[in-house]
Amino acid sequence: MFKIGEFSKLQGICQNVAILRELGLLNPASVDEVSEYRNYATNQLS
């Protein structure tokens, strides 16, 4: 699992991950209940 910053760097899309999430185009694989960090899975990488 990757946090949003790691995932965006691997995808080369910087802060656009947050925008894609807001638009419903890229949803996190999980969200930590305490910290609310969004985690993305390797199968979400393109």
I'd like the residue in region 28-46 that is modelled with pLDDT of 90 or more and β-branched (V, I, T) and, out of all such residues, is nearest to the chain's Cα centre (by Cα). V31
Restricting the search to region 27-46, which residues are part of a loop (DSSP other than H, G, I, E, B), out of contact with any strand residue (DSSP E or B) (no Cβ under 8 Å at 6 or more places or on another chain) and closer than 15 Å to G5 by Cβ? S35, E36, L45
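The values are calculated or read from the model by the stated rules, or taken from the named source; none is laboratory data. Bear in mind the structure is a predicted one, so any value in this text is a computation, not a measurement. Positions of Cβ are generated from backbone atoms using ideal geometry, with glycine treated the same way; all protein chains shown enter the neighbour counts.
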